[in-house]
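We did not get these values from a lab; they are worked out from the coordinates using the rules stated. Only a predicted model underlies this, so the values are computations on that prediction, with no experimental measurement involved. Positions of Cβ are generated from backbone atoms using ideal geometry, with glycine treated the same way; all protein chains shown enter the neighbour counts.
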Amino acid sequence: MSITQIALPARGVRVRAAAANGSPALLALGALVVIFILTAMLQPGILSVSGLTLMLMASVPLVLAAQAQMIIMSVGDIDLGVGYLVGLVTVIAATLFIDQPLLGVLMIVGIFVAYAAIAYVVQKRGVPSIIVTLGMSFVWLGIGLQLRPTPGGTTPEWLAAISSWRPTWFPAPLIFIIIATLIGWYITRRTLAGTRMRALGSQAPTLEKAGISLVRVRVSAYLFAALLLTASGLLLASQTWSGDINAASEYTLMTIAAVILGGGNFAGGRALPIGTTLGAVTLGLITVLLSLINIPSSLQSAAQGLIVIAVLAGRILIERFSR
Amino acid sequence: MTDTTVTRPRRTFTWPSWGWSLLGVIAVWAVIIAVRPGNVFDPLTQALSLAPFLVLVALGQMLVITLGPGNIDVSVGTIISMASYVSVAVGGTAGPIVGLAAGTMSGVAAGLISVLAILLLRVPPIIATLATSLIVTSATLLLADAARGAADPGLRAFVNAKVLGIPVLAIAVALLTVAVWFLLTRTRLGVGIIATGQSERAAERAGLPVTAVTATVYLTSAGLAGLAGGLLAAFISPSTVLGSSYMLDSIAVVVIGGTLISGGRPVPAGAWTGALFFGLLSGLLNLVGWSVGAQNVLKGVLVVLVVIVAATVTGTGRSSLRRLRDNLAPRPVAASEPTTQHKEKIHG
């Protein structure tokens, strides 16, 4: 800590840097507030503890998955397998955890091994992560279909208990969302591993010259992501009480959009956990809002697509003008 | 063998980048014949009847991927589904050819959304095309509610027609592949596509119309997907999930075919070998009785393996047997960074 204090630049520079770094997250916050007000105007019932709980529940697994995507994107990669991996974890939780707990745990371990292997291959062979994770998404989908061709099953009681915990004084999902953000924030901003991940995304050659194994850094990033994705899948299963390989297929787009919305970029080197959470909750609330304003279900995905484009375009325009 | 190539480096045989997938096609073909003895050409003609649709989509995807890192079109799958309804609905009143054209144009219209988002709003292509695919999904659902019908019998006959056992459609798409190859190697647009993929900045400095090239490529990809959707509507029937497998498959086929995933090197012939490989493989797996899940796992593993092998073989873009040996045999020299750095220091 003392080292960072010595190296601190002048206050003016810091404030300006914070504004530049935080402005994209501010946009996500603005969008969130607007959508929240709209939702509250349409349905005042959400302003109670139970209302907030219902409204934010769907955002909890999304926030966790978005934090994972943020970590992957901070090293300059993109994970296109997020959606099916989260779905696979719900299938494992709702199928194997009851019948063969040991096999279930082994498969979760297998996911971690696979993620470490992906990171190794991406780093060592210079293979684009988009294609490897795209290929892996076939694998997750295939395993999920093999285990459970149709949605169903039941989750173990301990898992179901997590989401049925509903304190009367505070919306429980908000607690989970805050915890998820803190985990993401701690990993990327407060640990040495997190600093190295961001360095790998922005200045890989410098990091290597500092004598740090790039493979190890990338593997650690992917392992943290696997951890958060597993948690996301388990929480999703505990909310839906069932396993469905397609339960989270839209997460792939939504997590990437959440990271970008929250101020992240495709080039890597940036990890903004709070912005990412704000982005994920915003996208989750859009779904709630769309269902409240009674547009036909067939038009919902179009509205979602248009909003994602609009918000991202807004962010990119703001970034350009603030410079 | 090693000695001869080292002493005569100029005479080395350059292995075509689609060669690996051709080997895969032959291997799977051989296995099918071994598993189910019968007419030797049966499996191939079967694969040839489904491959043209995938090749159509893959050619567009190849052009997009050639544009460089980050360029990918993930909207092709949903465009196929939408175009299948459009072509059937329009074809029912205005005739099959107008129907096909309408399907193609509906794809181009969807591509226009992506292009506007990418070029005007500067949204990254993957997000732009994902958003387009969401919008197209809605359009598909609306069309599915409104229109029900079957494709024109004449068009149906055309997509199923065969000459000497070879599907007419396969011949047509093969001609199109040649046209794409001609476009890429002999025209200003094609050179612009490849140059943009190799270095967008350099292409821009050289005065190439990078924006127009990008727009053309995305519109072409979407249009080809629309055409494939219109044809598939006649070959199978319109459905909301008709194209869903084509998104991943088209990317996989392009990569397997040897097109450089980082852009700048398209391989039109690879679209064919990749698509035939995929078609034969799923035929084989169905024959052996693998489930859909297991097939997906194998498909995924294959894509990953092919990408890894391709990355090992192609150092900077040209693929040759010699490079494979260089990369595989003396691994410590080729793979580890410190040695090369050390070398540079000595030279400097």
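Miscellaneous remarks
- The alpha carbon gyration tensor of chain B gives principal lengths a ≥ b ≥ c with a/c of 1.5 or higher and a/b no greater than b/c, which makes the shape oblate.
- Taken one residue at a time, the phi angles of segment B:89-96 give Karplus couplings (6.51, -1.76, 1.60, θ = phi - 60°) of 5, 6, x, x, 9, 10, x, x Hz. Gly and Pro are set to x.
- Note that segment B:38-45 has calculated 3J(HN,Hα) couplings of x, 4, 4, 8, 4, x, 5, 5 Hz, one per residue in order, obtained from phi through the Karplus relation 6.51 cos²θ - 1.76 cosθ + 1.60 (θ = phi - 60°); glycine and proline are x.
- Centre-to-centre, using Cα atoms only, segment B:123-175 and segment A:247-276 are separated by 32 Å.
- Neighbours of residue A:91 by Cβ distance under 15 Å: Lys/Arg scored +1, Asp/Glu scored -1, total -1.
- Segment A:47-322: C-alpha gyration tensor shape, a/c 1.5 cut-off, then a/b vs b/c: oblate
- Cβ-based net charge around residue A:221, under 9 Å, with every Lys or Arg adding one and every Asp or Glu removing one: +1
- For chain A, the membrane-span-like helices by this rule, meaning whole DSSP H stretches whose C-alpha atoms cover at least 27 Å of axis and whose Kyte-Doolittle mean is 0.0 or above, are A:11-42, A:101-125, A:214-240, A:273-292, A:297-322; this says nothing about an actual membrane.
- Remark: relative contact order (segment B:79-157) = 40 percent; criterion is Cα-Cα distance under 8 angstrom and separation of 6 or more residues.
- Neighbour counting of Cβ atoms within 10 Å sorts the residues B:126, A:143, A:295, fewest neighbours leading, into A:295, B:126, A:143.
- Relative to the dominant Cα principal axis of chain B, helix B:210-235 is inclined by about 50°.
- Sequence-distant residues sharing a close amide H with residue A:245 (under 5 Å, placed H): none
- Helix B:337-347 vs. chain B, principal-axis angle (Cα, 0 to 90°, nearest 10): 50 degrees
- Net charge in the neighbourhood of residue B:66 (other residues with Cβ under 13 Å of its Cβ; Lys, Arg +1, Asp, Glu -1) is -1.
- Cα-based Rg / Dmax (Å) for segment A:165-269: 16.6, 54
- The fewest-to-most ranking of B:18, B:272, B:181, A:169 by surrounding Cβ atoms within 10 Å reads A:169, B:181, B:18, B:272.
- From helices alone, chain A scores -25500 deg cm²/dmol at 222 nm; the rule is -39500 (n - 2.57) for each run of n ≥ 4 DSSP H residues, then divide by the residue total.
- In sequence order, segment B:73-80 has phi-based couplings of 10, 9, 9, 4, x, 6, 5, 4 Hz under the Karplus curve 6.51 cos²θ - 1.76 cosθ + 1.60, θ = phi - 60°, and Gly or Pro positions carry x.
- Equivalent ellipsoid dimensions for segment A:118-215 as semi-axes, Å, which come from the Cα gyration tensor, largest first: 35, 26, 9
- Prolate/oblate/rounded label for segment B:78-176 (Cα gyration tensor, a/c 1.5): oblate
- Taking the C-alpha atoms only, the angle from helix B:125-146 to the longest principal axis of chain B is near 20 degrees.
- Shielding by partners - mean other protein chain Cβ count within 10 Å, residues of B:135-143: 5
- Euclidean distance between Cα centres, segment A:104-124 to segment A:66-90, Å: 13 Å
- Mean residue ellipticity (222 nm) of chain B, computed from DSSP H runs ≥ 4 via -39,500 (n - 2.57), nearest 500: -24000 deg cm²/dmol
- Lysine pair number, Cα distance threshold 28 Å (strictly under), the protein assembly as shown, separation 8 or more or different chains: 6
- Relative contact order for chain B: 31 percent, from Cα pairs under 8 Å spaced at least 6 residues apart, divided by residue count.
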